[in-house]
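What follows is a single structure, written as structure tokens, with notes after it.
What follows is calculated from the coordinates using simple rules that are stated; it is not laboratory data. The structure presented is a predicted model; accordingly, all values stated were derived computationally and were not measured. No Cβ is skipped: glycine too gets one built from the backbone with ideal geometry, and neighbour counts run over all protein chains shown.
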Amino acid sequence: MASRSATVTRPLSRPGRASGHASELRLGHPAVLIAGGACSLVVLGLVMILSASSVTSFANYGSSFLFFKRQLLWTILGMVSFGLFCRIDYRKLRYAGYFLCPITIMLLVAVLVPGVGVVANGSARWLALGPLSFQPSELAKLAIVLLAADVFARKRERMLDSFSHTMVPVVPAILILLALVVLQPDLGTTVLLGTIGMGLLFVAGAPLRHLTPVVLAGVAGTAFAALSADYRRARVLAFMDPWADPLRTGYHTIQSLIAMGSGGWFGVGLGASRQKWMYIPNAHTDFIFAILGEEMGLLGTGVVLGIFCFIAYLGIRTALRAPDRFGMLIASGITIWISAQALVNMGAVTASLPITGVPLPLVSFGGSSLLVMLSAMGILTNVALQGERKMARRRARAGAPGKGRSGR
Amino acid sequence: MRLIATFAILMLAFGGMAVRLVVLQIVESPGYALIASKQRESTRPFPARRGSIYDRNGKSLAISVDLQTVYADPALVTDARREARRLAPLLGTPAASLQRVLEGDPQSRFEYVARQIDPALARRIENLKLAGVFARPEPKRLYPNESVASTILGFVGTDGEGLSGIENQYEGILRGRAGFMTLEQDPSGRPLPQTDFRYEPPVQGRSLYLTIDKDIQNYAEMELENAIARYDANAASAVIMRPSTGEILGMANVPDFDPNRFGDFSQSDFRNRAVTDVYEPGSAYKIVTVAGAIEDDVVSPRSSFVVPDELPFEDRVFHDSHAHDTETMSVTEIIEQSSNVGTIKIGLALGGERLDHYVRRFGFGSATGLDFPGESPGIVLDRDQWSGVTIATTPIGQGIAVTTLQMASAYAALANGGVWVEPKLVSATVDGDGSLKRSSAPATRRVVSGRTARQMTEMLTGVVRRGTGMLARVPGYQVAGKTGTAQKPVAGGGYGNSYVASFAGFAPAADPEIVTIVVLDDPDPIWGGVTAAPVFRAISEYALRRLGIAPTADAQRAAEQMQSEQDLVPEPHD
């Protein structure tokens, strides 16, 4: 297995020499398209971060470029990681989940320890890492995908008929992660982690009779969490009617809508956002999509939405053509992750969903989010690459005289 | 299958988001753009500097100074208590009341903290950099001479609009137009870069030059105040004007007020009584009757009438002011002695139709054209409203009401060789480019011939030389004038026990430079020749000197010369 994967990845690492697969990296290749889509979002994100953060950055640190430079550093790290995961055979990651999950749990516990976790805006989400900070809950997303993909890949679909087989050990592991994240507190990421988990259960083929109670329990748990804390209840109420208290609970939503609404077709022009001038807090993080909508209008938001849509399409396509069940699960898990996160973020910015504090994948300011997301995109690219190779081989066998049927 | 379903769910969600984006950014866009501009746009006014008012020599009567007004936007105030405590010592206002202002009405984005304060103090407040506290220019009107000419100037309210007098009448010229700047600002009120702003510069108000001479005005006011004290009068007015041009050199009224603190005075102190208030003129009005009769050749100055000291007419009996035997009096003597009976006889000879004609030609019963706020046209009965006795009351200035300015203009017509000149208070306006624009030439109309005017002047000179107006003599100048002592009508008809005393006249008689009238309301003693004449003398003397009118080297000789020209028998002086 190891030797086979080495031959598979060689064309990518040294395409010039792998003459047999010269066509593999043509422009329309799904792997190229995924990489291209991800890179476009990252570049667009950098541009928007520079625009959106310049005011806050200058006001707080005296330099307009502080946040931009920091993000640039993370982007370089993220690109290296992306390249690395493109080359590493995803099958090598089969056991990664079993290491990553405990590590993530430890880190999440550390975040909760007073004095260790960095507290900002009332929740402890970060670990200081020298000049940079790291958000372990981002890692949790990848951990869940890797763990669930391997577990469900090992279990035959038949075994999923049993409720306990379906649930153990993935669901308890996920529940631990959810519990730790909700304690930060970070309900948005918790809901996202739950969605990724449930999505994987669904894709893995868990019977609906097992899935339904899990979904219902998730919805009930979310509703309870949303209404149990005062600030979350206020957010839900503000979502229902932001104009009820436009200067406090509804402020964020209204300012975001004003930004989006004043964008129109083509926006007010790159860099010309008014709302970034202290009207929208977190303009470069969770609300970067609003600034993008203001500066570039429907054209900009449409392009971003289109790229996410395209990545989702490519992700599902990759899952369908994955060489094996693990690849299929990993591809669909990552696809559900990036799509759901993008939708939750855009939902908050457009007031279609309550505000939850989830960054826009690959675009928002935030190093750990970018690094983990780019790594995941690397893995997805690798699955796509190998899936296409396998299809190509199959086509080649089918195309060869007399081998069309024997290939099956 | 599950993958296809997942894909379908994701695409459905993305599709929904796409619809949401179109709705938000295209359909609802205009609404949000409006909210956005309302939220960010702020219009800052740039008040126009109100034009100054100067006297005829360029002395300031009213000026505007740029002060600063400190205001608060309660929505931006972060800590009202702390900010109030820092402001209190600078403004000398209790911190508690400042805190209430800073907390403000939650809907309000604007509250005054301190209006029209010293710019240096405003700068110190700005340097505190208190959140939500700002300063902006707000000019304040200052009247450096305090009460001088106050009833002419009027005053300006705190919001900069002229509320009375010239300030009100010439609001359109003085005020100018405030400019504004509309710009976009961040939540703490700092202007945003790269944004559009509209700037409309203020149009500064234009200045006015009045015909008033500040010193004459001031002197007249002082004299009136003294007279009120001396004669225990209620009020007094005086007008000094140039007969040839209609320029009003002084128009004094007592009581008056200090326009810098108009709030401390009562409404009645604001009135420019010389144009807003009417009175029955009495004897001073007899010039109309006599001038009309001479002009129509009904009488000449030497025509004689048999004059008893009382005359029953219709249901009334008219008396002369002092009892005397029935005697033959010339028209000149009737004027000099101010005989009511004689004047009534002249009026009867002239007839109601012609009398009414001259009343109106002399400008009574209609506004002077000065167009001063609140100016009264006086009260003159139309011919068809005359009762049987009106033909007897009108010649002696009863049953008729005039303003002080109307009387001054009537005397000015005689002084001006029979030509009535519309009075004016404004000599020039300063245009936007700084050039002086003179007021248009006043309207004029001939009332009586030059000959009639000359004869009237001669008779009025006699009034001062040997008649009822001897206290009006000005050393070195020949004065022509007439006393007036009229009972004040009381509400509901009839006459009461109080009087209006007046003296109107001009000097030098040979070539009149100034017309002066002094009207005292309810003085004690009541006689115009006793109370108003000395005030007339003082004001006229000052004005003649001030204007540099050369005294006649030998006024006496000049008068005699004039008399011989008129072929009059010289009478012994006094």
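On average, how many beta carbons from a partner chain sit within 10 Å of the beta carbon of a residue in A:331-339?
Values: counts 1, 4, 0, 0, 4, 3, 0, 0, 7.
Average neighbour count from other chains, rounded to a whole number: 2.
I'm a student and want to see the number: the projected area of the Cα convex hull of the protein assembly as shown, averaged over all directions, in nm². Result: a mean projected hull area of 59.1 nm².
To make sure I understand, if each residue's beta carbon is the centre and we count other beta carbons within 10 Å, what order do A:Asp186, B:Asp371 fall in, fewest to most?
Details: A:Asp186 22, B:Asp371 12.
Placing the least packed residue first, the sequence is B:Asp371, A:Asp186.
In whole percents, the pair-distance distribution calculated for chain B from its alpha-carbon pairs, binned every 20 Å from zero, is 19, 39, 21, 14, 5, 2, 0.
When B:Leu10, A:Leu183 are arranged by Cβ crowding within 10 Å, least crowded first, meaning fewest neighbours, the order is A:Leu183, B:Leu10. Per the Debye formula on identical point scatterers at the alpha carbon atoms of segment A:301-350, with no solvent, log10 I(q)/I(0) at q = 0.15 Å⁻¹ is -0.41. Remark on segment A:93-205: Rg and Dmax equal 15.0, 50 Å (Cα only).
Summarising the label geometry, the points placed 7 Å from Cα in the beta-carbon direction at A:Val303 and B:Tyr199 lie 3.5 nm from one another.
Within straight-line reach of B:Lys345, meaning a Cα separation under 22 Å, sit the following lysines at least 8 residues removed in sequence or on another chain: B:Lys286, B:Lys482. When each of B:Ile125, B:Ile400, A:Ile291 is scored by the number of other beta-carbon atoms lying within 10 Å, the sequence from fewest to most is B:Ile125, B:Ile400, A:Ile291.
Based on the alpha-carbon gyration tensor of segment B:170-223 and its eigenvalue square roots a ≥ b ≥ c, which shape applies: rounded if a/c is under 1.5, prolate if not and a/b is larger than b/c, or oblate? Because a/c hits 1.5 or more and a/b exceeds b/c, segment B:170-223 counts as prolate. Quote the Stokes-Einstein diffusion coefficient, in whole µm² s⁻¹, for chain A, based on the Kirkwood radius over alpha carbon pairs, a temperature of 25 °C and a viscosity of 0.890 mPa s. Result for D is 110 µm²/s. The aspartates and glutamates within cross-link reach of A:Lys276, meaning a Cα-to-Cα straight distance under 14 Å and a gap of 8 or more places when in the same chain, are A:Asp286, A:Glu294, A:Glu295, B:Glu184, B:Asp186. Shielding value for A:301-314 is 3, the average number of Cβ atoms from other chains within 10 Å of each residue's Cβ. Rounded to the nearest whole angstrom, the semi-axes of the ellipsoid equivalent to segment A:229-386, taken from the Cα gyration tensor as √(5λ), stand at 32, 18, 13, largest first.
Calculate, for B:Val306 and B:Asp66, the FRET efficiency according to 1/(1 + (r/R0)^6) with r their C-beta to C-beta distance and R0 60 Å; round to the nearest 0.05.
Values: r = 72 Å, r/R0 = 1.21.
Between B:Val306 and B:Asp66 the formula returns 0.25.
Computed across segment B:285-389, the Kirkwood radius stands at 15.0 Å (inverse of mean 1/r, all Cα pairs).
Considering only the other residues whose Cβ falls under 15 Å of the Cβ of B:Thr394, what net charge follows from Lys and Arg at +1 and Asp and Glu at -1? Write out the running numbers ahead of the final one.
Working: positive: B:Lys286, B:Arg316, B:Lys345, B:Arg354, B:Arg360, B:Arg361, B:Arg383; negative: B:Glu280, B:Glu314, B:Glu353, B:Asp356, B:Asp382, B:Asp384.
My count for the surroundings of B:Thr394 gives +1.
Using per-residue counts of other Cβ atoms within 10 Å, averaged over each peptide, order B:21-32, B:292-303 from highest down. Let's see the in-between values first.
Details: B:21-32: 17.2, B:292-303: 19.0.
Listed from highest to lowest mean packing, they are B:292-303, B:21-32.
Here A:Met240 and B:Arg451 are evaluated by their C-beta separation; at R0 = 60 Å the FRET efficiency comes out at 0.05. Membrane-span-like helices of chain B, defined as complete DSSP H segments with a Cα extent of 18 Å or more along the helix axis and a mean Kyte hydropathy of at least 1.6, are identified as B:2-22. Overall size of segment A:144-208 from C-alpha positions, given as principal axis extents largest first: 38, 20, 16 Å.
Would you mind checking the tilt of helix A:325-349 against the longest principal axis of the Cα atoms of chain A, expressed as 0 to 90 degrees and rounded to 10? With rounding to tens, the tilt is 20 degrees.
Taking R0 as 45 Å, what FRET efficiency do you get between B:Thr93 and B:Ala491 from their Cβ-Cβ distance, rounded to the nearest 0.05? Could the numbers behind the result be given before it?
Numbers: r = 48 Å, r/R0 = 1.07.
Step by step, r from the Cβ atoms, then E = 0.40.
The phi torsions of segment B:503-518, fed into the Karplus equation with coefficients 6.51, -1.76 and 1.60 and a -60° offset, translate into couplings of 9, 10, x, 8, 7, x, 4, 5, 8, x, 9, 9, 10, 10, 9, 10 Hz, rounded to whole numbers, with Gly and Pro shown as x.
For Cα pairs less than 8 Å apart in space and 6+ apart in sequence, what is the mean separation divided by the residue count of chain B, i.e. the relative contact order in percent?
Numbers: 1261 pairs, mean separation 76.9, N = 574.
Relative contact order here is 13 percent.
Summarised in one figure, the compactness ratio Rg/Rh of segment A:197-243, Cα atoms and Kirkwood Rh, is 1.19. A protection proxy built from the mean count of other Cβ atoms within 10 Å ranks the segments B:60-73, A:203-216, most packed first, as B:60-73, A:203-216. Please check which bits of segment A:187-202 a label hung off A:Phe163 would reach, taking the label as a point 7 Å along Cα-to-C-beta and the cut-off as backbone N under 13 Å. It comes to no residues whatsoever.
Ignore the peptide's own chain and count Cβ atoms of other chains within 10 Å of each Cβ in A:249-261; give me the average, rounded. Don't jump to the answer; show the numbers that get you there.
Numbers: counts 0, 0, 1, 0, 0, 3, 4, 1, 6, 10, 2, 7, 14.
Per-residue shielding by partner chains comes out at 4.
Taking 20 °C and 1.002 mPa s as conditions, segment A:356-395 diffuses translationally at an estimated 182 µm²/s according to Stokes-Einstein applied to its Kirkwood radius (Cα pairs).
In Å, what Kirkwood hydrodynamic radius results for segment B:337-448 from the alpha-carbon pair distances?
15.8
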